[in-house]
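We did not get these values from a lab; they are worked out from the coordinates using the rules stated. Just so it is clear, the structure is predicted and the values come from calculations on it, not from any experiment. Cβ: placed from backbone, ideal geometry, glycine included. Neighbour counts: every protein chain shown.
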């Protein structure tokens with residue numbers, strides 16, 4: 001199964017185009033000069049990946065036509081059922097949200113600190129309803145290749161920090177390319193994230209070569225490499241990379257400084273802004289549960305992510321790792337993370353929100369519950385089994401011991417059980 005449905009171009013306006021899926025339209029970026037109205041295309045993450053021969057597209061759409069309608073109805077039904085009566089203090093905030101009015105920091109904080117179980121359930125269901133109203137049942141699935149666990153940084157929360165006693169590995173550029181080709185042709189991915197620690201062994205030339213070769217496979221390529229000069233990211237964009245995953249980790253600069261020695265908060269924020277100016281699809285966000293973090297900090301994290309206006313929100317819980325200074329920190333509760341997903345949906349209703357592997361690690365139901373709390377994107381690890389465990393950023397990571405094809409099959413089954421379909425989520 002392909003993780004995106006072919007759509008039909010109905011309008012072109014400069015570098016933007018409208019692609020239609022069974023009556024639903026999405027705005028996408030188009031960098032192809034030979035695309036015209038009426039063409040069928042694959043798009044992912046709001047980006048046109050490649051043109052699809054009409055015969056191939058119609059064959060795929062024939063399969064999807066009835067399935068898409070069935071899934072859409074299921075998603076809609078799940079999003080509107082089972083609402084209880086909220087408490088009096090929740091009613092005015094929910095009315096603002098449902099009337100598409102901006103919620104304040106104070107209101108988001110009140111929602112985050114809600115203890116009543118029924119109110120918490122209503123918060124999650126309301127967020128999912130908003131997700132359905134804006135995005136319908138569109139959900140995207142990206143693959144991720146973790147190609148090196150070397151890192152020059154010593155971040156206190158990370159299991160592959162420079163001083164961590166882990167077995168290191170680096171994949172060669174050609175090995176990365178082969179894994180990417182396998183992800184595209186055997187597993188049918190249309191979007192891949194290339195991720196590593198901050199490993200400067202991979203020069204601009206090596207990274208550009210990898211990207212140029214994989215772009216030939218009709219893939220939307222994200223990179224997650226950490227701090228590099230803006231000029232390096234410009235060269236990688238020229239080579240064909242179109243997305244960057246880079247979290248700012250925390251909006252609290254004091255916490256940032258205490259957790260990331262010899263790194264700079266303002267440099268990171270400025271680079272995220274520079275990446276957007278270059279033209280990248282940016283995914284950013286934060287880590288939840290760092291020492292001395294308050295609920296107000298969490299709300300500030302959500303609001304800073306919103307202020308940065310990324311195409312995708314990515315945040316996950318701190319999961320203590322045995323080889324880090326934070327090994328004795330308490331794990332973040334799943335319920336907290338689900339509420340943060342919901343609050344993010346309230347703060348930025350049209351956000352594309354990723355269910356991270358860290359959230360999945362909290363328990364086996366977290367992926368499903370994250371999608372039902374307002375998230376609409378997933379990531380599947382396609383790093384080879386032999387090295388996947390060596391990318392030890394935290395303990396007991398989900399997907400580490402799971403066969404790639406089995407993980408794909410389970411994810412597809414989960415999406416279908418929730419009525420989700422892999423039509424493009426479009427630009428935010």
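Some points to look at:
- Neighbour counts of C-beta atoms inside 10 Å place 140, 151 in the sequence 151, 140, starting with the fewest.
- Cα convex hull of the chain, projected area averaged across orientations, nm²: 19.2 nm²
- Residue 175 paired with residue 25, simple spin-label distance in nm, labels 7 Å along Cα-to-beta-carbon: 4.8 nm
- log10 of Debye I(q)/I(0), alpha-carbon scatterers only, for region 7-77 at 0.14, 0.16 Å⁻¹: -0.44, -0.56
- For region 37-70 versus region 368-382, the spacing of their alpha-carbon centroids is 23 Å.
- The slack between residue 163 and residue 409, meaning 0.36 nm per residue of separation minus the straight C-alpha distance, is 84.8 nm.
- Here region 84-239 yields Rg over Rh of 1.14, to two decimals, using C-alpha coordinates and the Kirkwood radius.
- Antiparallel bridge percentage (DSSP; both residues within region 100-235; nearest 5): 10 percent
- Estimated FRET transfer efficiency when R0 is 30 angstrom, pair residue 308-residue 200 (beta carbons, to 0.05): 0.70
- Full-stretch length increase - residue 417, residue 232 - with 0.36 nm per residue and alpha-carbon distance subtracted: 62.4 nm
- Computed label-point distance, nm, for sites residue 110 and residue 386 using a 7 Å Cα→Cβ extension: 5.8 nm
- Applying D = kT/(6 pi eta Rh) to region 323-428, where Rh is the Kirkwood radius over alpha-carbon pairs, T corresponds to 37 °C and eta to 0.692 mPa s, the Stokes-Einstein value obtained is 216 µm²/s.
- Shown is the FRET efficiency for residue 273 and residue 62, computed with R0 = 45 Å from the Cβ-Cβ distance and rounded to the nearest 0.05: 0.55.
- Normalised contact order of the chain, rounded percent, pairs of Cα under 8 Å and 6 or more residues apart: 22 percent
- Gained length - residue 118 relative to residue 84, 0.36 nm times residue gap less alpha-carbon distance: 11.5 nm
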